[in-house]
Amino acid sequence: MNGVCGKTVRISVLMVMLSWSMTLVSAHAWWNEQWTLRKKISIDTASQAGGIKQNLADFPVLIRLHSGNFDFTKVKENGEDLRFVDADDKTLLKHHIEMLDAFDEIALVWVKVPAVSAGTVPGAIWLYYGNGEAAAADDPADTFDTFYQGVYHFNGLEGLPKDSTSYGIEPAEYTGGLGLAGVIGNGATFSGAGSVLRLGDNPAFNFSTGLTVSCWIKINEPQEDAVLFSRGGEGSEMTLGLGPDGLSAGITAEGSAYKTEPTMVVSVGEWHHVALVLSATGQMDLYVDGESGPSLKTGIAPSHFSGPLSFGSDIQGNRSFMGDMDELRITGAPRNADWIKAGFISQGPAGNFAVVALEEVNEAASGMPVFYLATIFQNITLDGLVVIGILIAMGAASWVVMIMKGFFLWNTSKGNKAFMEKYDAIEAPMALEGQSDLFVGSGLYKIYKAGCTSLKELGGMTKRTQDALNGDDENAVPPPKPSLSAKAVESVKAVLERGLNDEMNRLNAWMIVLILCISGGPFLGLLGTVWGVMNTFAAMAEAGEANIMAIAPGVASALATTVFGLLVAIPALFGYNFLTGRIRSITAQSGMFVDQFGLKVDAAYGEEK
């Protein structure tokens, strides 16, 4: 029975070890060994994204990188070594860098994900970087599928907005402004009358299978009767309008006019995602912030209309829109409700669609785990490094003081002990004068020497007289014992007190360094933490992403300054308490010696009453 149990245990242990080794091999699977770093990006279509119910194919996912979730010092200046790989860790994905600012530590990257699953388990892709020899692989034309016939990020600072699709359709006219802050990087502004974005009549705009127009808007004041999108002319026109009651879409054709009910009121000063979907059968649907709005069957297909596409006003340049716009997309197909919702959540400032995880290092040969400390130190910003540098200097100074002061106090105690053993054995107060070589480091001997010097000056004793009194010269006839007045004895005691004060100053020298480390270290660390947390939240606000995975690395690195502050203060606190205890003991011994020596001088040389 015992043999069977033992065999079972060995088999169980073997299975556990085999499972563990397979886990290590799986954990260190690496797409390309030339890329040294990677991060896992989870794509949550269930709990966080509001419940996408259909699988989405070739969906462009926005990846927001900032100082809270990415170390820009480890990537090439223009992001040329960024690579995105599918969950299988084999399939390279197309991506398009809308912007990458290493100085401000912000990047916006669109990645074409082959399949965004509607399951409850989040999907994932891999972000690889850390290859200084990599060539640029940015491919905007293939990042957006062929149904996209126009994608305008408005990420430029001047000139005409650029189309990121394979069609590359440049606007025929643009009189708005660029370079303002949008919901995704920069945006465009329309200032009312005369501001328009017009795309010429292009063969790509046949919309035979349907049409989807989407964008982000922010109004600066209520709109009376503005047009966001229009195509056609008098008597035959399709429009997406904005009024006091909200968004509404309309079609005028073949003598008939159709108009949807308005959506919710669009609030002033806030970004909203709007989308108009027209099917090939004439079905018209409106969406605001990913939610389905009014719907209307018209029976008129979008292919019925021709001519330029106008954004910001109607074709005639009237009914102008006044506000900001970002991420304008024109799709030659009717996108479904889940696609619209996923687009809103992926692009929106909440940043909970694609979550960037912690950094992993290629350590295929070691089989050792990557410790979180490396991630923390990799994310420490320049201001944090400055604070940590100051704290390291303070900590080094405190350790130098503690070590040197500890050695000094040990040497002083040793010298004082040797001196007191000799001093207690003598009767003549000045018997040990001139024997400093025997009491190296003794603070008591320094006080004693000062007292002896004062006695010689006050008593007018020559060395022979002193030797005779001390019994050091056997042939000398002792002269009469010097007699000191009460005032002279008090003068000697004053010299002893001054020597005691000098010794106390010597004992307490440099202890202020430990006090500064104890009191200032935690506050400097706290300053670095508060500053780092402010930077993290500011970077997230700038990038428009807010989730725990984005906050955690930045806050953890900010807290590192507080840890350094405590690592400076705690040893200094223990060292200070230990050293001050030793100093108090030596000071008390020195005070007792001063009183004892004063009494002995008075007894030996004081005037008889």
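What the table below lists for this structure:
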| item | result |
| --- | --- |
| Sole exception among (1) open to solvent by less than 20 Å² (accessible area, probe 1.4 Å); (2) touching a Leu at 6+ places or on another chain (Cβ under 8 Å); (3) not polar (S, T, N, Q) for residue 114, by number | (1) |
| Residue 156 at pLDDT below 90, over 30 Å from residue 204 (Cβ atoms), part of a loop (DSSP other than H, G, I, E, B) and open to solvent by less than 40 Å² (accessible area, probe 1.4 Å) | no |
| Residue match in the stretch 513-522 (condition: open to solvent by less than 30 Å² (accessible area, probe 1.4 Å), part of a helix (DSSP H, G or I) and hydroxyl-bearing (Ser, Thr, Tyr)) | no |
| The stretch 65-100, residues that are assigned to a loop (DSSP other than H, G, I, E, B), surrounded by fewer than 21 Cβ atoms within 10 Å (Cβ to Cβ) and aliphatic (A, V, I, L, M) | 87 |
| Some residue of the stretch 245-257 being under 24 Å from residue 339 (Cα atoms), in contact (Cβ under 8 Å) with a residue 12 or more places away in the chain, small (Gly, Ala, Ser) and open to solvent by 40 Å² or more (accessible area, probe 1.4 Å) | no |
| For residue 211: the one exception among (1) closer than 21 Å to residue 343 by Cα; (2) modelled with pLDDT under 95 | (2) |
| Residues within the stretch 270-284 that are of a type in the set (A, V, I, L, M, F, W, C), surrounded by 18 or more Cβ atoms within 10 Å (Cβ to Cβ) and more than 34 Å from the chain's Cα centre (by Cα), tallied | 5 |
| Any hit, the stretch 19-28, residues being aromatic (Phe, Trp, Tyr) and modelled with pLDDT of 90 or more | no |
| Filter result (open to solvent by 10 Å² or more (accessible area, probe 1.4 Å) and hydroxyl-bearing (Ser, Thr, Tyr)) within the stretch 144-153 | 146 |
| Flag if residue 575 is touching a strand residue (DSSP E or B) at 6+ places or on another chain (Cβ under 9 Å) and either at negative phi or not polar (S, T, N, Q) (or both) | no |
| The stretch 48-60 residues that are at pLDDT below 85 and β-branched (Val, Ile, Thr), paired with ones that are open to solvent by 10 Å² or more (accessible area, probe 1.4 Å) and part of a loop (DSSP other than H, G, I, E, B) (beta carbon under 9 Å, 6 or more apart) | 52/46; 52/117; 52/118 |
| Residue in the stretch 127-136 that is assigned to a strand (DSSP E or B), modelled with pLDDT of 95 or more and either among the hydrophobic types (A, V, I, L, M, F, W, C) or surrounded by fewer than 23 Cβ atoms within 10 Å (Cβ to Cβ) (or both) present | yes |
| Any pair with Cβ under 7 angstrom, 6 or more apart, that starts in the stretch 127-148 at a residue that is under 22 Å from residue 76 (Cα atoms) and among the hydroxyl-bearing types (Ser, Thr, Tyr) and ends at one that is part of a strand (DSSP E or B) and open to solvent by 30 Å² or more (accessible area, probe 1.4 Å) | 143/112 |
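So that you can scan it fast, the table gives a plain yes or no per residue for (1) open to solvent by less than 20 Å² (accessible area, probe 1.4 Å); (2) hydroxyl-bearing (Ser, Thr, Tyr):
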{"site": "106", "(1), (2)": "yes, no"}
{"site": "109", "(1), (2)": "yes, no"}
{"site": "142", "(1), (2)": "no, no"}
{"site": "162", "(1), (2)": "no, no"}
{"site": "167", "(1), (2)": "no, yes"}
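The values are calculated or read from the model by the stated rules, or taken from the named source; none is laboratory data. These figures come from a predicted structure and were not determined experimentally. As a convention, Cβ positions derive from the backbone with ideal geometry for all residues, glycine included, and neighbour counts pool all protein chains shown. Heavy atoms of the whole protein, side chains included, go into the accessibility calculation; ligands, DNA and RNA do not. Shrake-Rupley method; radii C 1.70, N 1.55, O 1.52, S 1.80 Å.
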